[in-house]
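*Asks:* Can you keep this structure in mind? I'll have questions shortly.
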Amino acid sequence: ESVQGRAVLLIMERLCGRRRDLSAVHVRAALELKPGASCALPYGMTAKNGGEALELFRLPPVPEPAELPPGGTVCFGAWRVALDAAGPPGAFSCRVRLDGAAQVTAWRPGDRLTLPGSRGSRSLKRLFADAGIPPEERDRTPVLRIGGRAAAVPGLGSELSAGDAGVQVIFYKE
């Protein structure tokens, strides 16, 4: 075991507060990153090769789900989501059919959207990747759910079934 490897393991341990579930596999994955690449590690840690140095950091916790009342605005981490309300210039906006309770959450495995112009539904994981949204940002990107189903995501779009009907949804960062 190299001094470099032991140092990385010690930093990981201090960063997450425990050593359990941290192994040589994680240390090796961090040390073998190519410049500009990153990898997810246990306990919300991320390793990134900045070219000159290896960066290890913890991401903020995933925001809690929030109910979104008609005409209301909720906070989801750095994001604000407004339903049938105005937002700042440059905000991402779309229309959704409001046929159930509205809630803002993180994405979940199995979430799917059928976007206008697509050939059927696609997983949010795939849509995030296609849009270039890095894995470390995906859990902190709000998903508007109507009746428990994903209906709109900023940067991706809204469910095709909404059409032009429905209410305006605004996503923006403060």
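The values are calculated or read from the model by the stated rules, or taken from the named source; none is laboratory data. Computed from a predicted model, the values in this text were never measured in an experiment. A quick note on method: Cβ atoms are made from the backbone with ideal geometry, for glycine too, and the neighbour counts reach across all protein chains shown. To get the accessible areas, we keep the full protein, side chains included, count just its heavy atoms, and leave off ligands, DNA and RNA. Shrake-Rupley method; radii C 1.70, N 1.55, O 1.52, S 1.80 Å.
*Asks:* Just one of the numbered conditions (1) in contact with a strand residue (DSSP E or B) (Cβ under 9 Å, 6 or more places away or on another chain); (2) among the hydrophobic types (A, V, I, L, M, F, W, C); (3) open to solvent by less than 30 Å² (accessible area, probe 1.4 Å) is not true of Leu98; which one?
*Replies:* Every condition holds for Leu98 apart from (3).
*Asks:* Hey, another quick one. With the structure loaded, tell me whether Arg119 is open to solvent by 40 Å² or more (accessible area, probe 1.4 Å), more than 30 Å from Val3 (Cα to Cα) and outside any loop (DSSP other than H, G, I, E, B) or whether it fails that test.
*Replies:* Values: open to solvent by 40 Å² or more (accessible area, probe 1.4 Å): yes; more than 30 Å from Val3 (Cα to Cα): yes; outside any loop (DSSP other than H, G, I, E, B): no.
No; evaluated as a whole, the condition is false for this residue.
*Asks:* So, one more: Filter the range 21-40 down to residues that are surrounded by fewer than 10 Cβ atoms within 10 Å (Cβ to Cβ) and assigned to a loop (DSSP other than H, G, I, E, B), then give me how many there are.
*Replies:* 3
*Asks:* For the list (1) part of a helix (DSSP H, G or I); (2) under 14 Å from the mean Cα position of the chain (by Cα), I need the number of the one condition that Ser161 fails.
*Replies:* Looking at each condition in turn, Ser161 falls short on (2).
*Asks:* Which numbered condition trips up Pro65, out of (1) open to solvent by 40 Å² or more (accessible area, probe 1.4 Å); (2) over 21 Å from Gly155 (Cβ atoms); (3) within 23 Å of the chain's Cα centre (by Cα)?
*Replies:* Evaluating Pro65 over (1) open to solvent by 40 Å² or more (accessible area, probe 1.4 Å); (2) over 21 Å from Gly155 (Cβ atoms); (3) within 23 Å of the chain's Cα centre (by Cα) leaves (2) as the failure.
*Asks:* Search the range 1-23 for residues that are on the phi > 0 side of the Ramachandran plot and pair each with any residue that is assigned to a helix (DSSP H, G or I) when their beta-carbon atoms are under 6 Å apart and the residues are at least 6 apart or on different chains.
*Replies:* Short answer, once both residue conditions are applied: Asp21/Pro42.
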